[in-house]
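Asker: I am attaching a structure below and will ask some questions about it afterwards.
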Amino acid sequence: MTAAYERLKNCYGSIQDKVSVRPKVALVLGSGLGDYADGIRIVSTLDYHEINGFPVSTVSGHKGRFVFGYVEDVPVVIMQGRVHYYEGYSMEDVVLPIRLMKMMGAEILFLTNAAGGVNYNFHPGDFMMITDQISDFVPSPLIGPNIEELGERFPDMSHIYDPELCQLLREVSRDLGIALQEGTYLQLTGPNFESPHEVKMCRILGADAVGMSTACEAVAANHMKMRICGISCISNLGCGMAEQPLSHSEVKETADQVAPRFKKLITEAIVRMA
Ligand code: HPA
């Protein structure tokens, strides 16, 4: 057994009694979107700092707890706050919560984030369904001895984002009348925002949105054969595409404004995943 798997098992063992529902869907809430968890039927919560050996986020606006409960009748575990590579954690740390949620029983991973739009057709406040990703600017979370118990050494990444879940999201967006852009998400390390030429680079590479999370989580989840879907909230346009300089407060402000629409979209999508 690899050290990473042993750590994961110990971590899971230490919280097993506190996992109050067997989740079907694991939902990760991005910057400014964390309030969603407060509105579901909560059964219990578990602060990250109560979990032995668990990485705890330091970013303001990120709460840092698992919420167990139900979205209508669908059992879920929600990560209210994630950990980021730019905080100084190893990739093994960053994806540990994702691996734990799979051990709790989650089959579907629903990823959300705030991201910068690099596609000129996007506007702040848009939602973008992630159809593919570019993760090569951060180390793969699968580097190191393969954790055979989780997945294979060389996992296929043809469909990281499950085509059926993508179709479900399209239908939900149509039925609710909530516009949904589609595109490729590119992960950079951060924590600095991009320079104008880095934004241009992202566009040339085929990205539509850029952010500092998510893609590594999707790689780890795809390794475990979870079904994945993701939505970026386009909180701002990439640096150089708009007049004013970027700030984290702008990211949070946009996320706050779109929160009600976001909530509807997420809820209906999860209900239809049952
Ligand atoms: N760049 C990177 N990450 C982000 C951005 C951005 O413009 N907005 C929100 N997260």
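Asker: Hey, among the residues in the range 146-166 that are touching a residue at least 24 places away in the same chain (Cβ under 8 Å), part of a loop (DSSP other than H, G, I, E, B) and not charged (D, E, K, R), which one's surrounded by the fewest Cβ atoms within 10 Å (Cβ to Cβ)?
Answerer: Among those that are touching a residue at least 24 places away in the same chain (Cβ under 8 Å), part of a loop (DSSP other than H, G, I, E, B) and not charged (D, E, K, R), it is M157.
Asker: Next up: Do the conditions hold for K24, that is, is it out of contact with any Asp or Glu (no Cβ under 8 Å at 6 or more places or on another chain), modelled with pLDDT of 90 or more and of a type outside the set (F, W, Y)?
Answerer: Details: out of contact with any Asp or Glu (no Cβ under 8 Å at 6 or more places or on another chain): no; modelled with pLDDT of 90 or more: yes; of a type outside the set (F, W, Y): yes.
So K24 does not fit the description; no.
Asker: Give, as residue ranges, the strands (runs of 3 or more DSSP E) completely inside the range 27-145 that count at least 2 residues that are within 16 Å of the ligand (Cβ to nearest atom), among the hydrophobic types (A, V, I, L, M, F, W, C) and touching a residue at least 60 places away in the same chain (Cβ under 8 Å). Show your work before the answer.
Answerer: On the way: elements: 41-47, 65-71, 74-80, 108-117, 127-134.
Counting at least 2 such residues, we get 108-117, 127-134.
Asker: Give me the helices (runs of 4 or more DSSP H) completely within the range 167-274, filtered to those with at least 3 residues that are within 10 Å of the ligand (Cβ to nearest atom), ordered by residue number.
Answerer: The qualifying helices (runs of 4 or more DSSP H) are 196-204, 248-273.
Asker: Hey, another quick one. Just to be sure I understand, how many residues within the range 233-271 are farther than 24 Å from H197 by Cα and acidic (D, E)?
Answerer: Number satisfying all stated conditions: 3.
Asker: Filter the range 116-145 down to residues that are β-branched (V, I, T) and surrounded by 14 or more Cβ atoms within 10 Å (Cβ to Cβ) and give me whichever is farthest from P191 (Cα to Cα).
Answerer: The initial filter retains those residues of the range 116-145 that are β-branched (V, I, T), namely 118, 130-131, 134, 138, 143.
Adding the requirement that they be surrounded by 14 or more Cβ atoms within 10 Å (Cβ to Cβ) leaves 118, 130-131, 134, 138.
On the way: V118: 17, I130: 21, T131: 24, I134: 18, V138: 12 Å.
The selected residue is T131.
Asker: In this structure, does A106 turn out to be out of contact with any helix residue (DSSP H, G or I) (no Cβ under 6 Å at 6 or more places or on another chain) and surrounded by fewer than 20 Cβ atoms within 10 Å (Cβ to Cβ)?
Answerer: Here the answer is no, as A106 does not meet what is asked.
Asker: Check whether at least one residue in the range 223-235 is out of contact with any Lys or Arg (no Cβ under 9 Å at 6 or more places or on another chain), among the charged types (D, E, K, R) and under 23 Å from N121 (Cβ atoms), and report yes or no.
Answerer: no
The values are calculated or read from the model by the stated rules, or taken from the named source; none is laboratory data. If you're wondering where the values come from, they're calculated on a predicted model, not measured in any experiment. Here the Cβ is made from the backbone with ideal geometry for all residues, glycine too, and neighbour counts use every protein chain on show.
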